[in-house]
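S.K.: Got a structure for you, written out below as structure tokens; questions coming shortly.
Bear in mind these aren't lab numbers, they're just calculated from the coordinates by the rules spelled out. Everything numeric here is computed off the predicted structure, so don't read it as measured data. Here the Cβ positions follow ideal geometry from the backbone for every residue, glycine too, while neighbour counts run over all protein chains shown.
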Amino acid sequence: MRKKLFAKSSIKFKLICYHSFIVLSSLCIFVAIIVFRSNAVVKNLVQKNVDGVILNTQSNISTLISSINECMLTFQVNSEVQQLLSSDVSEKPIQDVATLEKELLSLDPFHTKIDSFELYSFKHDNYPRYNIKQSVFYSGSMQNDVLFSQMVNSGYETQWFIQDSITDGNSFIVASKLICGINAHEPVALLKAKVNLTTLTDIVDRLSLAETGKIFLCTQSHIANASESQLGQALKNNHVLFQDMLPSQTKQHTYIDIDNEKYYLCSYPIPETELYLVGAVKLSEFNSASDSLSSAIFYTGILVILFSMLFIAYISSMVTKPIMNMAKNMRHYDYYNNASLPANSHDEIGVLINSFNAMQNKITDLIQGIKRESKIRQIAELKALQAQITPHFLYNTLNSICALSHKYNAKDIEEMTMALSKFFVNSLNNGGEMLTLAREVEHAMSYVYIQKIRYGDKFNVEINLPENLKDYLICKLTLQPLIENCINHAFDCIDYTGEIKIDFRKEPNEKGSDDIVITVADNGLGEMVMDPNLLNDYINKEIDITEPIQKYGVHNVNQRIHLYFGKEYGLHYETGPSGGFTVTIRIKAILEKGEEE
């Protein structure tokens, strides 16, 4: 119903609707792109802000960690320390322990970076057992400590751990390093440096991300400063952070939902440690700029729509007014009252009016011409009906000749007449253009039989048609012109028996369906008579209606195959293995019942 009403509307209304639709569609696409890009800009702004703060924090922490590593390396290369720890027996353990504690104290005497050191000797079982009041111990007392075992098995590189203290409630960042003996490449002791967690978290907590965002220090399984914020508690067991991001040990970022809020979450590994800086911030804190931009776009869009509607109405009126006037005049057009319309402009509308006036005159001439052609057509149809009598007369005449030949026992004349009769039956095919391969072969053999009577043993024809291909269709009179060419041209002036071999096969084409491929090969003169490329050019040229009918031949065959099967099908000549020509005929595989394969 709506389509009918719209179809009956004026062209002015239609133009306004079309133009309005284009403007509104373009505006909607533009707004959608702007909004989408504004969201992308917000996300990019969040990422740059967070990345900048975390990279600055990472640099500060890396400086502190490098300083701690230098202290531990300084202790390792101390010659007196190496001599005490590498000796197999400690004769003065109390004095040795005091010396080692003195060296440990000298590494950071004012505890600016490190709260305390612990040194575990692997060789000296006469060193003190572990207690919290001393700094140098025998490692045997720590055999059942899981963290200690993990430190020992971590290699010679400095390893970092977060250790929660149950006794005093404090947590530490622990750096551990195996000390290798100078003379023997084996560990002689383990050095632990305890760094109070606040030493590192103070660096982290001094910085903020937007208003509510936070930076956290953590390992692959633990957030060191989670208890200080609600956001830290929410991230404490977050599977995205601890199962997807941190195990990769590379910079990662993603977006997650926390308490129905979208957060930007990123993680940065701190070099030379197993510690990470994790930043989290609400995207909504950065949306104010996006909201302002969206509001500006919305109001601008409203103004653009109003202005566009007024402009479209004005332009449509200017364009459609002369068209509507012309339509009004055309409604009163009458063939018997042929009045020309006035053309008051020289633009496209004026051209249209002048064309309409010319069209009226042309219609008058055409109607008169149609009346004359109608009489001519009636005469032509009558002649065509009369011409249809000729084939029936020809069949009856040939049958009469066959009867007379049989009566007087003229066997050769009877067989030749029968062959000629079959030849014409298949040629005419009741007016149809297509027939089966079996009937086409029968038609060709009728022609061969007639020519054999004339030429005797000058040539032989071998046709190999598989049983499963007999019911496929082909254009009538396809094989006969090719056989005729061989007899009249390829075998002319030869002193040996001409051979014609015709093979049929089915093969798939590039589209996945099947084609019928027919090859007609002869052992005639081949290129001595004509270049195969010239033959291919000839059969593919355009039809010339002025050309004598005697020259149609293979050109006609090729054009009919193009017409019924498509331009990709047809004939192709090439030099054959026996010296003559081989023509390949490719047609679509269509069964007689009409099913295409």
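S.K.: Over segment 56-212, what is the percentage of antiparallel beta bridges among all DSSP beta bridges, to the nearest 5?
M.R.: In segment 56-212, DSSP labels about 90 percent of beta bridges as antiparallel.
S.K.: State, to one decimal in nm, how far the label point of Val146 lies from the label point of Ser106, with both points 7 Å from Cα in the Cβ direction.
M.R.: Placing both labels 7 Å along Cα→Cβ, they lie 3.9 nm apart.
S.K.: Please go through segment 462-566 and write out the GluC sites (Glu not before Pro) that DSSP classes as loop and that have at most 13 other C-beta atoms within 10 Å.
M.R.: Counting only loop positions with at most 13 other Cβ atoms within 10 Å, the GluC sites (Glu not before Pro) in segment 462-566 are Glu510, Glu542.
S.K.: Under a point spin-label approximation (7 Å from Cα along Cα-to-Cβ), what is the Ser355-Val89 distance to one decimal in nm?
M.R.: Distance between label points: 12.0 nm.
S.K.: Multiply the residue separation of Asn131 and Ala313 by 0.36 nm, subtract the distance between their alpha-carbon atoms, and state the gained length in nm to one decimal. Kindly include the intermediate steps, with their values, before the conclusion.
M.R.: Values: separation 182, 0.36 × 182 = 65.52 nm, distance 9.34 nm.
Full extension from Asn131 to Ala313 adds 56.2 nm.
S.K.: On to the next question. Could you tell me whether segment 456-588 comes out rounded, prolate or oblate from its Cα gyration tensor? Rule is a ≥ b ≥ c as square roots of the eigenvalues, rounded for a/c under 1.5, then prolate if a/b exceeds b/c, otherwise oblate.
M.R.: Taking the square roots of the gyration eigenvalues as a ≥ b ≥ c, segment 456-588 is oblate.
S.K.: Now for a separate question. Considering just Cα atoms, how many Å³ per residue does the convex hull of segment 191-262 enclose? The partial results should precede the final answer.
M.R.: Values: hull volume 8.6 nm³, N = 72.
Given the Cα convex hull of segment 191-262, per-residue volume reads 119 Å³.
S.K.: Of Lys192/Lys282; Lys113/Lys282; Lys192/Lys214; Lys541/Lys588; Lys236/Lys262, which ones are farther than 28 Å apart at the Cα? Walk me through the intermediate numbers first.
M.R.: On the way: Lys192/Lys282 39 Å; Lys113/Lys282 33 Å; Lys192/Lys214 30 Å; Lys541/Lys588 22 Å; Lys236/Lys262 17 Å.
Where the Cα-Cα span goes over 28 Å, the pairs concerned are Lys192/Lys282; Lys113/Lys282; Lys192/Lys214.
S.K.: Express in nm, to one decimal, how much length is gained between His239 and Glu542 on full extension, taking 0.36 nm for each residue of separation and deducting their alpha carbon distance.
M.R.: Values: separation 303, 0.36 × 303 = 109.08 nm, distance 7.47 nm.
Additional length available on full extension: 101.6 nm.
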